[in-house]
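Please treat every number below as a calculation from the coordinates, not as lab data. Note that the structure is a prediction, hence the values are computed from the model and not measured. Cβ sites come from the backbone with ideal geometry, for glycine too, and all protein chains shown count toward neighbours.
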């Protein structure tokens, strides 16, 4: 008996990335997003590719006999992947709702080729901010004296804390990460050896997440 | 009276502190209205004082103005925090109860809040429809999957329910069923069913 | 929900609003017209130079930040030297809930007013928390129920403790019962309980 | 993170099973598994092993470290070492918990093994707790945590990072540099 599906390892016309690598990327992105105080670049092309893959697999599964032992195994795997995707996107939505104005502001400073929000998220963020503004206007701002009616200035304090401490594992050797000292201690330089694990502030390693040298755990 | 007034604001806020109360109560409409009135009063006094500075050669009017201004800012902050934190609760309700609120909860909301809830639901639905080109319900798959089927017990008389395989079951109080995880998850979250632990 | 970030005050945080509502002694260095009612012990129209009034911290910080400053902000007793010495001697036994519910948040605000004793206050804050942390850690991880001693914690400590305890009890549950049951949402459970108590009241 | 999420991650680890059926490879999205030959051991992810086991399609072979003597030895080493020692599996606690509760008739001396794992866990957790306390007291902001497993790290989350964040705020406050709204917006 030959297993005839799941072999379609490549998707997209020009992007030849094996399905299992896409999945791994999403999994890493999921955990990074979960533990990172800031909003990371969206992996929406991977989400989309993976959702297509799921759809395709589901279609293929209907062709199998219900008693085939593989049916349940594949369904189980699909449920696991769906969990990763939904949990990943939920986490992002939560962050977007938390620091909406800040995130939108940051997005305008980025080049259009390098957005951190997916199109859907960008629309969502805009709608959500408008919703909040309208609500505050309705209930508070339109009832207070004119000089106190501004909404945007109240959003300035809703920002991620980049000084938060996070746990990480180094995926490759990184030398000379500088940890800022406080008034009593001097700056400290740390080398992250491949596979070593650390707890430290997010800020000094922020760019190492982007280039994949560290994984948040 | 800036002092009594900001204190009133704090009374409004107290029940919203995390950990103490999860449930939300009727907004203290009367209290809020009074705060608005007092804010207008303070503002008028400041405008008057500013226009009248000629009658105040020693310049001390500026101190009273600064204090009233601070009180106005403070009140704005308290009121907005009150509205903000209530909307945060409403947000969580959307994720936990679904897009339809139980009537007992709805009774504790003012009209703009019900509107906010409905708009939020719509906004979220629009986003979820856009995901990956085909749409994805993010209110589902909230826990890591352990198995495809789950044994559940009905906690209420829910009525007839069609299973994935087309079979129709009657969900009666205490009745037990084997259901696909995907299907029963929302019902468990909403408190219709409970998962039986072995 | 799933995000688990540490507390940093923002414009909308109720904790911060309540913490800045705590009172500090203010000694007026300028006359303030028409606001005599701020002093509950007086029925005069104005506040005269030299008057001392206990005012909420948010207002004190405004008085202090004006140039020239309207009032000098003093220290509440919990941050005076005598209490600082108590905190230094054995911070773990002090009932902060009773003495200053917002000990740390309040103390940080004071530091930011650049009070001349700021650096002493700051070091008491840091050292107190470092010493008291072990207790929080032990209580949070050892017990699935809320330990009565935790009532002695300051509000920020309580937040940290509660977060820790949630993890402690979910870990305990996992170790003893394993698996991951799907459960009703917290708010749904709360809502049901509410309905039940309402029923009880009616019957 | 909820322990069920750590468990979810750990379920990707491979375990050896002996299937009672024969089949060619299964092409999972996460990679190929099999082929399966009745009676011959094959490595599959734990979640799959548990699913097949539940349907009586296989027997699970306990990893060799899931053994009373080996666990005792690990515990002794852990006790005598100042640092954390390397565990045979990055998810030893979860793997033990999952396999022991799901498959008790496939593994002999289950109760003793369970106790030994728990003892090892307890030794490590109490060591972790003292190191966390020392770390906080000495006032560091960075620490190396090699060989701590995900579930162990998770057991001090969010307490440890939140405590460090808080201390950072307390220290910053005295420098007057911390973001604060009351000064600027009130």
Along each of its three principal axes, how wide is the spread of alpha-carbon positions in chain A, in whole angstrom units, largest first? 75, 50, 31
Report the label-to-label distance for residue C:27 and residue A:171 in nanometres (one decimal), using points 7 Å from each Cα along the Cα→Cβ vector. 6.1 nm
P(r) of region D:1-63 over all Cα-Cα pairs, 10 Å bins starting at 0, rounded to whole percent, reads 23, 52, 21, 4
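For region C:77-180, what is the convex hull volume of the alpha-carbon atoms per residue, in Å³?
91 Å³
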What nm value, rounded to one decimal, do you get for the distance between residue B:69 and residue B:172 when each label is placed 7 Å out toward the C-beta? 7.3 nm
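Give me Rg/Rg_expected for region B:97-198, where Rg uses Cα atoms only and Rg_expected = 2.2 N^0.38 Å with N residues. List each step's numbers first, then the result.
Values: Rg = 16.1 Å, N = 102, 2.2 N^0.38 = 12.8 Å.
Ratio of Cα Rg to 2.2 N^0.38 Å: 1.26.
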One finds, for residue D:14 and residue A:142 with R0 = 60 angstrom and r their Cβ-Cβ distance, a FRET efficiency to the nearest 0.05 of 0.45
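Per residue of B:60-73, count partner chain C-beta atoms within 10 Å of its C-beta, then hand back the mean as an integer. Mind dumping the intermediate values first?
On the way: counts 9, 3, 5, 16, 8, 1, 6, 12, 2, 3, 8, 5, 4, 6.
Mean shielding count: 6.
What number, in nm² with one decimal, is the all-direction average of the projected area of the convex hull of the alpha-carbon atoms of chain D? Intermediate values should be presented prior to the final figure.
Working: hull surface 59.7 nm².
Mean projected area for chain D: 14.9 nm², to one decimal.
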Compute the orientation-averaged projected area for the protein assembly as shown from the convex hull of its Cα atoms and round it to one decimal in nm². 38.6 nm²
Considering only C-alpha atoms, what is the centroid distance from region A:122-187 to region A:74-121, in Å? 16 Å
Rounded to 0.05, the calculated FRET efficiency for the beta carbons of residue D:72 and residue A:71 at R₀ = 41 Å is 0.45
I'd like the orientation of helix C:186-202 relative to chain C: the angle between its Cα long axis and the longest Cα principal axis, in ° from 0 to 90, rounded to 10. 90 degrees
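With the alpha-carbon atoms as the only input, what is the per residue convex hull volume for region A:161-216 in Å³? Please list the in-between numbers first.
Numbers: hull volume 4.0 nm³, N = 56.
It is 71 Å³ per residue.
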Rounded tilt (10° steps) of A:69-98 against the dominant C-alpha axis of chain A: 10 degrees
Under a crude label model (7 Å from the Cα following the beta-carbon direction), how far is residue D:21 from residue A:149 in nanometres? 7.0 nm
For chain D, the longest principal axis of the Cα atoms and the Cα long axis of helix D:110-138 enclose an angle in degrees, to the nearest 10, of 20 degrees
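Using only alpha carbons, build the gyration tensor for region B:39-154 and give me the equivalent ellipsoid semi-axes, biggest first, whole Å. Let's see the in-between values first.
Details: eigenvalues 536, 48, 35 Å².
Semi-axes from the Cα gyration tensor: 52, 16, 13 Å.
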